[in-house]
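Colleague: Dropping a structure here in structure tokens format, bear with me for questions.
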Amino acid sequence: MHSTPVDPQRNVLMLGTFGLRPKATLRYRALAVARTLSSNDWSFRLMTTPWDHPADSGKRQVIDDIPVTNTRASHPIAFPLASGEMIWSGHRSRSDLIHVFKPKGFGDIAARWLRHGSPVVVDMDDWEGDGGWNEIGGYGSLQRHIFNWQERTWPRQADALTVASRELERRALTLGAPPDRVHYVPNGLTRDRFEELATANTIRAESREARNPLSATPWILLYTRFIEFDPIIVVRVLSAIREAFPNTKLLVVGASANGAAEVAVRAAAGQAGLSDCIRWHGWADPTEVAALAASCDVAIHPFDDNNVNRAKCSVKLLELLATGIPVVTTRVGENASFVVDEVSGLLSPPGEPTAIARSVIQLLRDPSLGYRIGKAAQERVSTEFLWDQLAPRVANAYVRALEARKAKAR
């Protein structure tokens, strides 16, 4: 993949503020961009602080041909040491450009020091400060104050910004970013990941041939971390679907951070007499997602309507669409950019679980509709939301940042 020609190969240092696992931002956004753009024009390194996965502290590895370094210091209290490691690495490698993922935390602090020598591109993929993750992240008052300051000051100072949603584009402009520095870059899938997920078609066809229609049980898939919606919605949706299809069961793939959502769902399911209708798979290895989607008939992807969700660009939704399973999601934020209603999925109003249930019932009653929607979804992902198509927008942001810095130096 070649971007707009620039001077001899530029070295890009990507900075993160958490580990490569369990969160997906660095692996599915930063590394995907680096892998796609690596060429004679650009080379990449990623450095991050795995405070949320300290077992990776100090670990060096190569992932998809991209060198990845985890700082030795990882505890939040040691943020000066962790950020110092990043700053030292940036100076030593003489990076031509810094791309910091999230205007928040360790990578943000390091980038503020390094920007005096190298242009900085800031990636915004969530609403981080007041009104967003500050309200639901469980942070202390000092952390909330710092995160809000970090997010609010970068749009005016960054040489360029990459934003994952139209809501974040609006937010960056509201916070003072010059319009020509803001680059809309929604999340995507690598071609390898898409092809892996698309194998669900073959698995699904084989399982349907083996299934006895007279004993078939409709299965609904929920692929989630339980952070986008009130968990009780799940039980209300399942209950309404079972009025039309009494044998319906729900497969939950994923888990919440602290288990509270699962407790709430189990309690509500028990009260509704649905405890035996929910199968809990827990966290899934990425290689399992295609087979899990193929084992179900319809996927639901509910979102509440709030700042965090309007700013979010869901990789999980993209993955579901890539498997070819028909998806019912909520018309909130980027969901409506990924899904063309009644063509590549079904969109329901937020806060209306019965509307989600009606859409699921429609798909269960008309399997041919679900098949057409699933195929259209795969086609749309493969032509509009692979990093092959999206990463050049990041390269344009890099060129803009380099040009802006040159202009300042004149």
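The values are calculated or read from the model by the stated rules, or taken from the named source; none is laboratory data. Model, not experiment: these values are computed from the prediction. Cβ sites come from the backbone with ideal geometry, for glycine too, and all protein chains shown count toward neighbours. Please note that ligands, DNA and RNA were not included when accessible areas were found on the heavy atoms of the full protein model with its side chains. Shrake-Rupley method; radii C 1.70, N 1.55, O 1.52, S 1.80 Å.
Colleague: What residue, among those in region 134-173 that are crowded, with 17+ Cβ neighbours inside 10 Å and acidic (Asp, Glu), is farthest from ALA401 (Cα to Cα)?
Modeller: Among those that are crowded, with 17+ Cβ neighbours inside 10 Å and acidic (Asp, Glu), it is GLU167.
Colleague: Restricting attention to region 267-296, which residues are crowded, with 20+ Cβ neighbours inside 10 Å and closer than 12 Å to THR323 by Cβ?
Modeller: Once the filter is applied, which keeps residues that are crowded, with 20+ Cβ neighbours inside 10 Å and closer than 12 Å to THR323 by Cβ, region 267-296 yields VAL289, ALA290, LEU292, ALA293, ALA294, CYS296.
Colleague: Of everything in region 297-327, what is open to solvent by 10 Å² or more (accessible area, probe 1.4 Å) and free of Cβ contacts under 8 Å to residues at least 40 places away in the same chain? Give them in sequence order.
Modeller: Residue satisfying the conditions is ASN306 alone.
Colleague: Just one of THR224, THR217, THR248 is of a type outside the set (Asp, Glu) and at pLDDT below 95; which is it?
Modeller: After ruling out the rest, the residue left standing is THR217.
Colleague: Could you grab me the full set of residues in region 29-82 that are within 26 Å of TYR139 (Cβ to Cβ) and in contact with a His (Cβ under 8 Å, 6 or more places away or on another chain)?
Modeller: ALA30, TRP51, PRO54 - these are the residues of region 29-82 that are within 26 Å of TYR139 (Cβ to Cβ) and in contact with a His (Cβ under 8 Å, 6 or more places away or on another chain).
Colleague: Something else now. Take region 234-263 and flag every residue that is surrounded by fewer than 20 Cβ atoms within 10 Å (Cβ to Cβ) and of a type in the set (A, V, I, L, M, F, W, C).
Modeller: Hits for region 234-263 are ALA240, ALA244, PHE245, LEU251, ALA255, ALA257, ALA260, VAL263.
Colleague: When you look at ALA73, is it over 22 Å from the mean Cα position of the chain (by Cα), surrounded by 23 or more Cβ atoms within 10 Å (Cβ to Cβ) and either more than 30 Å from ASN306 (Cβ to Cβ) or hydrophobic (A, V, I, L, M, F, W, C) (or both), yes or no?
Modeller: The answer is no for ALA73.
Colleague: Which number in (1) within 22 Å of PHE338 (Cβ to Cβ); (2) open to solvent by 40 Å² or more (accessible area, probe 1.4 Å); (3) hydroxyl-bearing (Ser, Thr, Tyr) marks the one condition that TYR223 misses?
Modeller: It is condition (2) that TYR223 fails.
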